[in-house]
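Peer 1: Quick one: the structure is below, and I'll ask about it shortly.
The values are calculated or read from the model by the stated rules, or taken from the named source; none is laboratory data. On a predicted model such as this, the values are computed, not experimentally measured, just so you know. So basically every Cβ, Gly included, is an ideal-geometry build from the backbone, and we count neighbours across all protein chains shown. Heads up: the accessible areas ignore ligands, DNA and RNA and are worked out on the full protein's heavy atoms, side chains in. Shrake-Rupley method; radii C 1.70, N 1.55, O 1.52, S 1.80 Å.
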There are 2 protein chains.
Amino acid sequence: MTEPRPTPRPIKFDPASLKFNDQGLIPAIAQAHGTGEVLMMAWMNAASVAETLASGRVTYWSRSRGELWRKGETSGHVQRLVEIRVDCDRDCLLVIVEQTGPACHTNRRSCFYTAIRDGAEVEIMAREESGEPPG
Amino acid sequence: MTEPRPTPRPIKFDPASLKFNDQGLIPAIAQAHGTGEVLMMAWMNAASVAETLASGRVTYWSRSRGELWRKGETSGHVQRLVEIRVDCDRDCLLVIVEQTGPACHTNRRSCFYTAIRDGAEVEIMAREESGEPPG
């Protein structure tokens, strides 16, 4: 009879263990749960990572306004957190979300609505209803 | 009888029209064609965007080596370009790719193999075969 192997102790996640850039920010890619659509890329600081995890509401850092940006606070186009994933270099986050309404301030489902095809820019996504100011 | 409406002239894409950061770089998110899996995030400069479009082989800028990084050149884990998309602020790219082998230098399919669950870090993806040095 062999001893049961000890279960590896889970590593407690500490936002300070991420690699932030010299402005204290880390890029965060928002991906729609279910469809896998990439919705947007924005920036987080340690406080917004912590608030996102604590509240379950995705919160970025607005570089233009210099403040926490609770996504959808004015537009209602909130992102409910499903899961945060960290990349191998710990310098980028993938945030799986349940998106209410369009993610983009232009009222498109995703910010990536312009494709480069045959050397030209092509809009591949129509506008939906109301929006919010850019972050 | 009404005149036919003129077809809007396509906007020719110029890599210089993107918004690069003060190091001349733009974040590029690689997403797998078909599955929609987010594979990695790396950086491009104007030359690597142009080379990616011209060659159909995804080429980043390696910040650690300070040179063009033709993804998979040493490992064979190349990314064939399907399409580049530009976001609303023109400061982030979504690159749809056909990935050969694992995308991550740790030999995982994606670099985002660590999930934060109940406050702890959990590995959600196993290693595959051979790899390449990080970019």
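Peer 1: Can you give the Rg to Rh ratio of chain B, both from alpha-carbon atoms, with Rh computed by the Kirkwood formula?
Peer 2: Values: Rg = 17.6 Å, Rh = 16.3 Å.
That ratio equals 1.08.
Peer 1: Express the accessible area of the range B:43-135 per residue in Å², computed with a 1.4 Å probe while the remaining protein chains stay in the model.
Peer 2: 43 Å²
Peer 1: Follow-up question, since we're still on this one. Round to a whole number: what % of the accessible area of the range B:1-129 belongs to carbon and sulfur, probe 1.4 Å?
Peer 2: Carbon and sulfur: 51 percent of the exposed surface of the range B:1-129.
Peer 1: Quick check: the angle from helix B:46-55's long axis to the longest principal axis of chain B, C-alpha only, nearest 10 degrees?
Peer 2: Once rounded, the angle reads 90 degrees.
Peer 1: Quick one: if you stick a label point 7 Å off each Cα along the C-beta vector at B:K12 and A:R117, how many nm between them?
Peer 2: Taking the two extended label points, one gets 2.0 nm.
Peer 1: Taking a threshold of 27 Å on the Cα-Cα distance, which of the pairs A:K71/B:K19; B:K19/B:K71; A:K19/B:K19; A:K12/B:K71; A:K71/B:K12 fall above it?
Peer 2: Beyond 27 Å: A:K12/B:K71; A:K71/B:K12.
Peer 1: Across chain B, where is the longest run that never hits GluC sites (Glu not before Pro) in a DSSP loop with at most 13 other C-beta atoms within 10 Å?
Peer 2: Details: sites that count: B:E73, B:E129.
With a cap of 13 other Cβ atoms within 10 Å, the longest stretch comes to B:1-72.
Peer 1: Which one of A:S48, A:S62, A:S17 has the biggest mean-square fluctuation once chain A is modelled by GNM with Cα springs under 10 Å?
Peer 2: In the Gaussian network model the winner is A:S17.
Peer 1: Let me ask something else about it. Net charge within 12 Å of B:P10 by Cβ-Cβ distance, Lys/Arg positive one each and Asp/Glu negative one each, not counting B:P10 itself? Kindly include the intermediate steps, with their values, before the conclusion.
Peer 2: Working: positive: A:R117, B:R9, B:K12; negative: A:D118, A:E121, A:E123.
Around B:P10, the surrounding residues sum to 0.
Peer 1: Count charges around B:P27 for me, please; just the other residues with Cβ under 10 Å from its Cβ, Lys/Arg as +1, Asp/Glu as -1.
Peer 2: -2
Peer 1: Here's something else I'd like to know. Let me spell out the model: positive unit charges on the Cβ of Lys and Arg, negative unit charges on the Cβ of Asp and Glu, origin at the Cα centre of chain A. What dipole size does that give, in debye rounded to 20?
Peer 2: 300 debye
Peer 1: OK, next. Round to the nearest 10 and report in Å² the accessible area of A:I11, as given by a 1.4 Å probe over the protein chains' heavy atoms.
Peer 2: 110 Å²
Peer 1: Still on this structure: Who wins for biggest fluctuation among A:A28, A:A16, A:A47 in a Gaussian network model of chain A, springs between alpha carbons below 10 Å?
Peer 2: Fluctuation is largest for A:A16.
Peer 1: While we're looking at this one, here's another question. If you take the accessible area of B alone plus A alone and subtract the pair, what total do you get in square angstrom, rounded to 100, with a 1.4 Å probe?
Peer 2: Interface area, both chains combined: 3200 Å², rounded to the nearest 100.
Peer 1: Using a 10 angstrom cutoff on alpha carbons, build the Gaussian network for chain A and name the most mobile of A:G66, A:G119, A:G76.
Peer 2: Result for chain A, Cα springs under 10 Å: A:G119 fluctuates most.
Peer 1: Sum -39500 (n - 2.57) across every DSSP H segment of at least 4 residues in chain A, then divide by the residue count to get the 222 nm mean residue ellipticity, nearest 500.
Peer 2: Working: 1 runs with 10 residues, N = 135.
After summing the helix terms and dividing by the residues of chain A, the value is -2000 deg cm²/dmol.
Peer 1: Right, here's the next one. Whole-Hz Karplus ³J(HN,Hα) for the range B:110-115, in order, using 6.51 cos²θ - 1.76 cosθ + 1.60 and θ = phi - 60°, x for Gly and Pro?
Peer 2: Along the range B:110-115, the couplings run 10, 6, 9, 9, 10, 9 Hz.
Peer 1: Within a 10 angstrom radius of each residue's Cβ in A:116-125, how many Cβ atoms of other chains show up on average? Whole number is fine.
Peer 2: 5
Peer 1: Tell me the accessible surface of A:D91 in square angstrom (1.4 angstrom probe, heavy atoms of protein chains only), to the nearest ten.
Peer 2: About 40 Å², rounded to the nearest 10.
Peer 1: Out of residues 5 or more away from A:S110 or on other chains, whose amide H comes under 5 Å of its own, with H placed 1.01 Å from N in the peptide plane?
Peer 2: Counting only residues 5 or more places away or on other chains, the set is A:A103, A:C104.
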